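Everything on this sheet refers to the single structure shown next.
The values are calculated or read from the model by the stated rules, or taken from the named source; none is laboratory data. Being a predicted model, the structure only gives us computed values, none of them experimental. Positions of Cβ are backbone-derived with ideal geometry, glycine not excepted, and every protein chain shown enters the neighbour counts. With ligands, DNA and RNA removed, areas are computed over all heavy atoms of the protein, side chains included. Shrake-Rupley method; radii C 1.70, N 1.55, O 1.52, S 1.80 Å.
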Amino acid sequence: MNVLSFSLVLTGVLLNAVAQLLLKAGTNAIGAFEFSVANVAPVGWKVATQPYILAGIGCYVVSVVVWILALSRAEVSIAYPMLSLGYVMNAFAAWYLFGEAVTPGRLAGIAVIIVGVFIVARS
């Protein structure tokens, strides 16, 4: 994989990870909610007008465009496994931003992901 392809893949992964974090920030701002017929409109309005959620959706849209560009230059069998790096980024970002736990089991899983992506990228 050349530098441009790798850069596009990593940019797509980063945008996807940022989108997830923005969606989480948006749902934190809204709070827990239940969907029912009575509250579909009020909850839908909150979700549709929450700035973090809108920014997260925007990141998703841009990430799809970047991903299409990346796939036009890289093999999907190499590019797709790199999406798992988003989990690595999000685990640490969620720990830092939201105080979520990064347990020893999660750290072990992250290590496996990193090793796996390295092996796939080197093949």
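List the residue pairs whose Cβ atoms are under 6 Å apart, where the first residue sits in region 71-85 and is of a type in the set (Val, Ile, Thr), the second is in a loop (DSSP other than H, G, I, E, B) and open to solvent by 80 Å² or more (accessible area, probe 1.4 Å), and the two are 6 or more positions apart or on different chains.
78/1
Considering (1) more than 18 Å from the chain's Cα centre (by Cα); (2) closer than 20 Å to residue 13 by Cβ; (3) in contact (Cβ under 8 Å) with a residue 24 or more places away in the chain, say which one residue 50 fails and leave the rest.
(2)
May I ask you to say which residue of 88, 61 is free of Cβ contacts under 8 Å to residues at least 40 places away in the same chain and either of a type in the set (Ser, Thr, Tyr) or open to solvent by 80 Å² or more (accessible area, probe 1.4 Å) (or both)?
61
With the structure loaded, tell me whether residue 123 is surrounded by 15 or more Cβ atoms within 10 Å (Cβ to Cβ) and either at pLDDT below 95 or over 18 Å from the mean Cα position of the chain (by Cα) (or both) or whether it fails that test.
no
Yes or no: residue 72 hydroxyl-bearing (Ser, Thr, Tyr) and either under 30 Å from residue 122 (Cα atoms) or touching a Leu at 6+ places or on another chain (Cβ under 9 Å) (or both)?
It is true that residue 72 is hydroxyl-bearing (Ser, Thr, Tyr) and either under 30 Å from residue 122 (Cα atoms) or touching a Leu at 6+ places or on another chain (Cβ under 9 Å) (or both).
Pairs only if they're at least six apart or on different chains, beta carbon under 6 angstrom, first in region 1-15 and under 16 Å from residue 84 (Cβ atoms) and open to solvent by 60 Å² or more (accessible area, probe 1.4 Å), second of a type in the set (A, V, I, L, M, F, W, C) and assigned to a loop (DSSP other than H, G, I, E, B); list them, first residue then second.
Every condition considered, the pairs that remain are 1/74.
Is there a residue being open to solvent by 60 Å² or more (accessible area, probe 1.4 Å), under 17 Å from residue 17 (Cα atoms) and under 20 Å from the mean Cα position of the chain (by Cα) anywhere in region 66-82?
Within region 66-82, one or more residues are open to solvent by 60 Å² or more (accessible area, probe 1.4 Å), under 17 Å from residue 17 (Cα atoms) and under 20 Å from the mean Cα position of the chain (by Cα).
Can you report the number of residues in region 16-46 which are surrounded by 10 or more Cβ atoms within 10 Å (Cβ to Cβ), free of Cβ contacts under 8 Å to residues at least 24 places away in the same chain and within 21 Å of the chain's Cα centre (by Cα)?
Residues in region 16-46 being surrounded by 10 or more Cβ atoms within 10 Å (Cβ to Cβ), free of Cβ contacts under 8 Å to residues at least 24 places away in the same chain and within 21 Å of the chain's Cα centre (by Cα): 2 in total.
For residue 41, indicate whether it is farther than 30 Å from residue 5 by Cβ and modelled with pLDDT under 95.
Against the criterion (farther than 30 Å from residue 5 by Cβ and modelled with pLDDT under 95), residue 41 qualifies.
So how many residues does region 47-56 have that are loosely packed, with under 14 Cβ neighbours inside 10 Å and closer than 26 Å to residue 113 by Cβ?
Here the count works out to 0.
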